[in-house]
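**Student:** First the structure, which I've put down as structure tokens, then a few questions once you've had a look.
The values are calculated or read from the model by the stated rules, or taken from the named source; none is laboratory data. The model shown is predicted, which means the values in this text are computed figures rather than measured ones. Glycine gets a Cβ as well: all are built from the backbone with ideal geometry, and neighbour counts include every protein chain shown. Accessible surface is based on the protein model in full, side chains and every heavy atom, while ligands, DNA and RNA are left aside. Shrake-Rupley method; radii C 1.70, N 1.55, O 1.52, S 1.80 Å.
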Amino acid sequence: PTSKVCFDRPCRDFAWVVGAWGDCSAPCGGGSQERTVTCMDSTGAPATPDSCVGAGLGIAPATTQTCNTVECPAYEWAAAGEWGPCSAWCGPGVRSRPVVCLSSTTRAVVSSSLCPAATRPANTLACNSPCAATYWAASAWSTCTAVCGGGWRFRQGKCMA
């Protein structure tokens, strides 16, 4: 004979078998996720990656990828107005102002529970209004000058220091 059979077993096909992506490691700001990638032959047996590459399938698909790359929401405190007047017209009192929690991206007012309590600016401030050095003191009203038909009541006023 001038020819002879060799390698008479059937040819095996190879394929990359790719698993599902796992959970992302972060909810936002960029995380990573993994999956399995295995080279398998036509009988379902695992094969070396070189077998898939040699079969013209190229290098193995990626086993990791980035995920949830959207920017994480951030929140910050902001004074929403000026300080109000002192609550006392004379002596110690309190001034107040509104303080709100804002979304850093939209600048919208959000729930105060989203902002870190440790960084909240003061919304009250002690104040001390100066008292006048003098004041007006009045005596009790006198009895009426008439019992009917209209009369007058009087009292004494005195500037006190």
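**Student:** Six or more apart or on different chains, Cβ under 8 Å: which pairs go from a residue in region 28-41 that's farther than 24 Å from residue 12 by Cβ and open to solvent by less than 50 Å² (accessible area, probe 1.4 Å) to one that's acidic (Asp, Glu) and in a loop (DSSP other than H, G, I, E, B)? Could you list them?
**Tutor:** Listed pairs, sorted by first residue: 28/71; 33/23.
**Student:** Right, something else. Please determine, by comparing only the residues of region 14-27 that are open to solvent by 50 Å² or more (accessible area, probe 1.4 Å) and part of a loop (DSSP other than H, G, I, E, B), which one is farthest from residue 71 (Cα to Cα).
**Tutor:** Taking the candidates together, the pick is 20.
**Student:** Go through (1) without any contact (Cβ under 8 Å) to a residue 12 or more places away in the chain; (2) in a strand (DSSP E or B) for residue 65 and report which single condition fails.
**Tutor:** Here residue 65 meets the rest and fails (1).
**Student:** Of a type in the set (Ser, Thr, Tyr) and more than 28 Å from residue 29 (Cβ to Cβ) - does that describe any residue in region 108-123? I'd like the intermediate steps shown before the answer.
**Tutor:** From region 108-123, those of a type in the set (Ser, Thr, Tyr) are 111-113, 119; that's our starting set.
Subsequent filtering for residues that are more than 28 Å from residue 29 (Cβ to Cβ) retains none.
Looking for residues that are of a type in the set (Ser, Thr, Tyr) and more than 28 Å from residue 29 (Cβ to Cβ), one finds none in region 108-123, hence no.
**Student:** Taking the stated definitions as given, is residue 86 surrounded by 13 or more Cβ atoms within 10 Å (Cβ to Cβ), within 28 Å of the chain's Cα centre (by Cα) and of a type outside the set (Asp, Glu)? Please lay out each step first, then the result.
**Tutor:** Details: surrounded by 13 or more Cβ atoms within 10 Å (Cβ to Cβ): yes; within 28 Å of the chain's Cα centre (by Cα): no; of a type outside the set (Asp, Glu): yes.
No.
**Student:** Can you tell me how many residues in region 42-53 are without any contact (Cβ under 8 Å) to a residue 24 or more places away in the chain and open to solvent by 50 Å² or more (accessible area, probe 1.4 Å)?
**Tutor:** Pass one, region 42-53, residues without any contact (Cβ under 8 Å) to a residue 24 or more places away in the chain: 44-46, 48-50, 53.
If we keep only those that are open to solvent by 50 Å² or more (accessible area, probe 1.4 Å) too, we end up with 46, 48-50, 53.
Of the residues in that region, 5 qualify.
**Student:** Within region 89-122, can you find the residues that are in a loop (DSSP other than H, G, I, E, B), in contact (Cβ under 8 Å) with a residue 24 or more places away in the chain and open to solvent by less than 60 Å² (accessible area, probe 1.4 Å)?
**Tutor:** 90, 97, 104, 115, 121
**Student:** Are any residues in region 45-69 under 15 Å from residue 19 (Cβ atoms) and hydroxyl-bearing (Ser, Thr, Tyr), and if so, which ones?
**Tutor:** Matches in region 45-69: 63, 64.
**Student:** Confirm whether residue 39 is within 23 Å of residue 16 (Cα to Cα), of a type outside the set (Phe, Trp, Tyr), outside any loop (DSSP other than H, G, I, E, B) and in contact with a helix residue (DSSP H, G or I) (Cβ under 8 Å, 6 or more places away or on another chain). So that I can check it myself, show each step before the final result.
**Tutor:** Working: within 23 Å of residue 16 (Cα to Cα): yes; of a type outside the set (Phe, Trp, Tyr): yes; outside any loop (DSSP other than H, G, I, E, B): yes; in contact with a helix residue (DSSP H, G or I) (Cβ under 8 Å, 6 or more places away or on another chain): yes.
Yes, satisfied.
**Student:** Suppose we filter region 123-138 for residues that are touching a strand residue (DSSP E or B) at 6+ places or on another chain (Cβ under 8 Å) and part of a loop (DSSP other than H, G, I, E, B); how many remain?
**Tutor:** Step one: list which residues in region 123-138 are touching a strand residue (DSSP E or B) at 6+ places or on another chain (Cβ under 8 Å), which gives 123-129, 131, 134-138.
Adding the requirement that they be part of a loop (DSSP other than H, G, I, E, B) leaves 123, 131, 134.
Of the residues in region 123-138, 3 are touching a strand residue (DSSP E or B) at 6+ places or on another chain (Cβ under 8 Å) and part of a loop (DSSP other than H, G, I, E, B).
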